[in-house]
Amino acid sequence: MVIVGFLGSPRVNGMNSNLLRRVLKGAESKKAQTKLFELIQCNIKFCMGCCNCVHKKPELPIGECPLDDEMSSILEEYVKADGYIFASPNYDGSITALMKRFLERKIALTYRPKDAYAKIGEARSPAHFHKKASMIVTANCPDEYREVMGDPCFETMGGHLMIEQIEIVDKLYVGGVENMSEETISEKFDEAYHVGIRLVEEIEKARQSS
Ligand SMILES: Cc1cc2nc3c(=O)[nH]c(=O)nc-3n(C[C@H](O)[C@H](O)[C@H](O)COP(=O)(O)O)c2cc1C
């Protein structure tokens, strides 16, 4: 089983990075193979809105994009994986532009005929809910602000997942990151480790029941 993590913080040693690494460690403790994409290190260009990727070649698992960057190789790894972790800090009430830029390009995983106006695309390779994902959002606003600071980010990161037929397992909101006690940090890291364990267990359960 392969679990892939996507880090949406530009800080590669920040809170998201540390939480995400713990999630992956938890997944590894259940024998999963893991891979981490630090989006700040990846050559991902902005979607230019040509929609070539969405409208052409429904038989391909990833639509063809005219942009020359790393996105198609990342998507190739994405479609082969069984589980995903998306981690982003809250910036100005939402996910980072870094994470958003990546998510916009993920539209290449969907297909919609050009004349199917006002319709949402369908998954090129629907996962039939055998694949699962978990998400992490961090913010300065404490945990009581989860609804205001966490939920909009979970919504945005989860948008494509419904179309891809990927079930969300955990949504870990970690607030108050700038003045957190060592004790709380260690509790949150523990929680993250268990998010990784649960993700693998849920994928295994879905496999057994199919
Ligand atoms: C440009 C910017 C905007 C931010 N906006 C918010 C915000 O709207 N609400 C909030 O609670 N925290 C906000 N923060 C704090 C970040 O969420 C916090 O620094 C981040 O969660 C730390 O995660 P990291 O260590 O992984 O980068 C903002 C930080 C930056 C740099």
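With labels modelled as points extended 7 Å from the Cα through the Cβ direction, what inter-label distance (nm, one decimal) is found for ASN179 paired with GLU122?
Taking the simple label geometry, ASN179 and GLU122 are separated by 5.4 nm.
Determine the sum of side-chain charges near SER94: Lys and Arg each +1, Asp and Glu each -1, restricted to other residues whose C-beta is under 11 angstrom from that of SER94.
Around SER94, the surrounding residues sum to -2.
Given H placed 1.01 Å from N in the peptide plane, which residues other than close sequence neighbours of THR34 have an amide H under 5 Å from its amide H?
Here the answer is ILE3, since their amide H atoms fall under 5 Å of that of THR34.
Take the Cα of VAL2, step 7 Å along the line toward its Cβ, and report every residue of segment 58-95 whose backbone nitrogen sits under 16 Å from that point.
The answer is 61-62, 71-85.
Quick one: which residues, 5 or more positions from ILE168 or on another chain, have an amide H under 5 Å from its amide H? H modelled 1.01 Å from N in the peptide plane, none for Pro or chain starts.
ALA133
Compare the peptides 8-16, 180-188, 20-28, 121-129 by average per-residue count of other Cβ atoms within 10 angstrom and give them in order, highest first.
Highest-to-lowest ranking by the protection proxy: 20-28, 8-16, 121-129, 180-188.
Can you give me the angle between helix 182-208 and the longest principal axis of the chain, using Cα atoms only, in degrees from 0 to 90, rounded to the nearest 10?
40 degrees
Please work out the FRET efficiency for the pair HIS130 and LEU60, using the Cβ-Cβ distance as r and a Förster radius of 22 Å; give the result to the nearest 0.05.
For HIS130 and LEU60, the calculated efficiency is 0.60.
Rounded, prolate or oblate: which one fits segment 71-119, using the alpha carbon gyration tensor with axes a ≥ b ≥ c (rounded when a/c is under 1.5, else prolate when a/b beats b/c, else oblate)?
Oblate, since a/c reaches 1.5 and b/c is not below a/b.
Around ARG198, under 11 Å between beta carbons, what's the net of Lys plus Arg minus Asp minus Glu among the other residues?
Around ARG198, the charge tally is -2.
Where Lys and Arg each count +1 and Asp and Glu each count -1, what net charge lies around MET15 among other residues with Cβ under 10 Å from its Cβ?
+1
Just so you know, all these numbers are worked out from the coordinates, no wet-lab data involved. Remember, it's a predicted structure, so these values are computed and weren't measured experimentally. Reconstructed Cβ throughout: ideal geometry from the backbone, glycine too, with neighbour counts over all protein chains shown.
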